[in-house]
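For reference, the structure discussed in these notes is given below.
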Amino acid sequence: MRFSDNIRFLAACCLIFVIMLFCFNYIMANDYITLVPNPYALGKSYAVMEAKLASEYDLAFLLKKRNVVIVAETTDQSMVGIFDPTLKYYFASTKFIAPERFRYFSFDDYENSKRVGISIREVSPENNPLGVNYSELENKYNLKIINAFDYFSKISYYNREMEVVVNLFALDTREIRRLYIDSEYTYEIDEVVRELASQGFVRVKPYTYRSIWTSFAVISKLKKYVTFFSNGMYMAVFLLIYLCFVYTGSLRKFIAVSLTCGATWIGIARKTVVPLLFYGVISSAVSGCIAGFYLHILGKYVMDIGNFLEIMAFTVLILSISLIMGLFFQFIKGRVSNVN
């Protein structure tokens, strides 16, 4: 069997694989915190500390750390707190420069725990943040908005639900879920880690591989519209199964002739299913890589090579079982016809 003999079937398989890739990627992106290796553009040596209990922690010792950057994830996914005396996220932000109105967090803000924050919104010449009324956002989070960063700023790039970045020391520490610690000096990271550990924080791995099936297990906990993409994935699987049975049905005459010539089921499978699986895997892998590269360019790709291979293995498994079952069904029908 040549590749050109089944170009339409293989093209359909590629399209279904790409649809599944997009659906899986979207579902996993909604659980991004445990999926993105470095969600806040931190250095290679950054550490992550997790709060196991909702408690009142004393973070005042951080005020002595002028070279340390802290990002605090809270129980509210739309809000993070930061301590950034190095101005890392200010210089790495897509912002609208207006010194008379906007500024960044100052050390006075940190020392006095001022309730100030930065709005995360679209910032462009067409969407001038100077003309925005921030009173609703200020009332929602009980703070004063001192600046506006675009969605594509490094602090918010991987979390499109983020609405505001808050002064770390204005947060209720009982709401802190996870702290990311970064510095150009690793010994300072170690010092912060030790102090936080003494207060009850637990160090966790910055990045733990997560299976696509684990993400499916938490779909019910995610937003309702995420289920739209999970349903799209299910439909893609059913469509793949249907196409396999349609394809094996088209081999009816070939199977009948092969049986007349004394062919066995194994022999027919070698001539049909095996080469089709080979071409299907190659073409799906190529199309999947192209789709993944496209998502990567857009900054939307959150999976890794392991997740990609899981989707590929799942697709090959469904393709193999469906083709074998369809071929076996046609083989049985062909034998019955020959007997009659």
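Read the figures in this text as sums done on the coordinates, not as results from a lab. What you see is a predicted model; the values in this text were computed from it and never measured. As a convention, Cβ positions derive from the backbone with ideal geometry for all residues, glycine included, and neighbour counts pool all protein chains shown.
Numbers for the structure displayed
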{"item": "Virtual spin-label span in nm between L277 and E161, 7 Å along Cα→Cβ", "result": "4.0"}
{"item": "Antiparallel DSSP beta bridges within the chain, percent to nearest 5", "result": "75"}
{"item": "Projected label distance in nm at M325 and V202, using a 7 Å step from Cα toward the beta-carbon", "result": "4.2"}
{"item": "Packing rank of 321-329, 249-257, where each peptide gets the mean count of other beta carbons within 10 Å, highest leading", "result": "321-329, 249-257"}
{"item": "Label-zone membership for region 286-308, site A11, 7 angstrom Cα→C-beta point, backbone N under 16 Å", "result": "287"}
{"item": "Equivalent ellipsoid semi-axes, region 64-118, via Cα gyration tensor eigenvalues times 5, rooted, Å", "result": "18, 15, 13"}
{"item": "Burial ranking of peptide ranges 177-184, 190-197 (average Cβ count within 10 Å, highest at the top)", "result": "177-184, 190-197"}
{"item": "Of the DSSP H helices in the chain, those whose Cα atoms cover at least 15 Å axially and whose Kyte score averages -1.0 or more", "result": "7-29, 186-198, 226-249, 265-297, 305-339"}
{"item": "Length released on extending from E184 to I332, taking residue separation times 0.36 nm less the Cα-Cα span", "result": "46.4 nm"}
{"item": "Shape box of the chain [Cα atoms, principal axes, largest first, Å]", "result": "92, 48, 32"}
{"item": "Local net charge near G326, Cβ-Cβ under 13 Å (Lys/Arg +1, Asp/Glu -1)", "result": "+2"}
{"item": "Within a Gaussian network of the chain (alpha carbon springs, distance under 10 Å), most fluctuating of G299, G131, G43", "result": "G131"}
{"item": "Unit charges on C-beta of K, R, D, E only; dipole of region 56-102, Debye", "result": "340"}
{"item": "Inter-site label distance for D304 and F91 at 7 Å from Cα along Cβ, in nm", "result": "2.9"}
{"item": "Mean shadow area of region 114-207 over all directions, Cα convex hull, nm²", "result": "7.8"}
